[in-house]
Amino acid sequence: MNTSKFEFPDLPYVYNALEPYIDARTMEIHHTKHHRAYYDKFMAAITETDLEKAQCTKDILVDAGKLPKAVRNNGGGYYNHDLFWKVMAPNGGGEPSGELAEMIKKTFGSFGDFRKLFSDAAANRFGSGWAWLIVSSDKKLEVTSTPNQDNPLMDVAEKKGYPILGLDVWEHAYYLKYQNRRPEYIEAFWNVVNWKEVESRYFKGVG
Ligand code: MN3
């Protein structure tokens, strides 16, 4: 089997790089245990099926609603965490610039209004899931959230589009440091957002 297109990614920084906002222990367990398990189970679920021939994970996830639960859940978990590591960075935070900054202003009123909408989507997601900023098929920005390891690429998503920013609000993403205080974790997240990466995904989404 050719697995080169489905690789388990290294973190783009060391485990303690996002401290004090996200602690090293959480990052290590999240990457080596949780993300790794989604990847291994995803590979097991597609091995020796036609899905192996897909060009990329995204091409599989768009049909998630028609696929076995193991593919939807673990393929989603594999894709979502890969995105999550990349949209964070040490020395992140601040605000986006250029075209994305303009589009956020035009769509949501101001960066602050966007930030509040996204934070609320993350805080109000009941149980486990994700908050997202997406580029919709008509090239508009939207904030949405999905349960479990679903994402906006999936046919089953309420709002569909290309995810350019994602926040994991499963308890495993914050419990060691923040326990049940999800809103504090969401506030901290804004200090590590890698806007350069989000901007580059925005251009991919509209391109
Ligand atoms: Mn997670």
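Quick one: Tyr78 ticks every box in (1) in contact (Cβ under 8 Å) with a residue 12 or more places away in the chain; (2) surrounded by 15 or more Cβ atoms within 10 Å (Cβ to Cβ); (3) closer than 25 Å to Glu187 by Cβ bar one, so which box is it?
The failed condition is (3).
Whether any residue in the stretch 86-98 is within 16 Å of the ligand (Cβ to nearest atom), under 18 Å from the mean Cα position of the chain (by Cα), closer than 26 Å to Glu158 by Cα and assigned to a helix (DSSP H, G or I) is what I want to check.
Yes, the conditions are met somewhere in the stretch 86-98.
Among the numbered criteria (1) surrounded by 15 or more Cβ atoms within 10 Å (Cβ to Cβ); (2) more than 16 Å from the ligand (Cβ to nearest atom); (3) more than 19 Å from Lys58 (Cβ to Cβ), which single criterion is violated by Gly112?
Of the numbered conditions (1) surrounded by 15 or more Cβ atoms within 10 Å (Cβ to Cβ); (2) more than 16 Å from the ligand (Cβ to nearest atom); (3) more than 19 Å from Lys58 (Cβ to Cβ), the odd one out for Gly112 is (1).
In the stretch 191-207, what count of residues is obtained for those that are part of a loop (DSSP other than H, G, I, E, B), open to solvent by 10 Å² or more (accessible area, probe 1.4 Å) and modelled with pLDDT of 95 or more?
2
Exactly one condition in (1) open to solvent by 50 Å² or more (accessible area, probe 1.4 Å); (2) under 15 Å from the mean Cα position of the chain (by Cα); (3) of a type in the set (S, T, N, Q) is not met by Asn16; state its number.
(2)
List the helices (runs of 4 or more DSSP H) that sit entirely inside the stretch 1-82 and contain at least 1 residues that are under 17 Å from Asn148 (Cβ atoms) and within 12 Å of the ligand (Cβ to nearest atom).
Because the criterion is at least 1 residues that are under 17 Å from Asn148 (Cβ atoms) and within 12 Å of the ligand (Cβ to nearest atom), the helices (runs of 4 or more DSSP H) in the stretch 1-82 that meet it are 36-46.
Are there any pairs, at least 6 apart or on different chains, whose C-beta atoms fall under 8 Å, with the first in the stretch 168-185 and touching a residue at least 12 places away in the same chain (Cβ under 8 Å) and the second of a type in the set (D, E, K, R) and not in a loop (DSSP other than H, G, I, E, B), and if so, which?
Pairs found: Val169/Arg182; Tyr174/Arg182; Leu176/Arg25; Tyr185/Lys177.
Given (1) at pLDDT 95 or above; (2) touching a strand residue (DSSP E or B) at 6+ places or on another chain (Cβ under 9 Å), identify the lone condition not met by Ser137.
Every listed condition holds for Ser137 apart from (1).
In the list Glu102, Glu142, Glu95, which residue meets the criterion of being among the charged types (D, E, K, R) and closer than 20 Å to Glu187 by Cβ?
Glu95
The values are calculated or read from the model by the stated rules, or taken from the named source; none is laboratory data. In this text, all values refer to a predicted model and were calculated from it rather than measured experimentally. Note: ideal-geometry Cβ built from the backbone for every residue, glycine included; neighbour counts use all protein chains shown. Side chains are part of the model used for accessible areas, which takes the heavy atoms of the whole protein and leaves out ligands, DNA and RNA. Shrake-Rupley method; radii C 1.70, N 1.55, O 1.52, S 1.80 Å.
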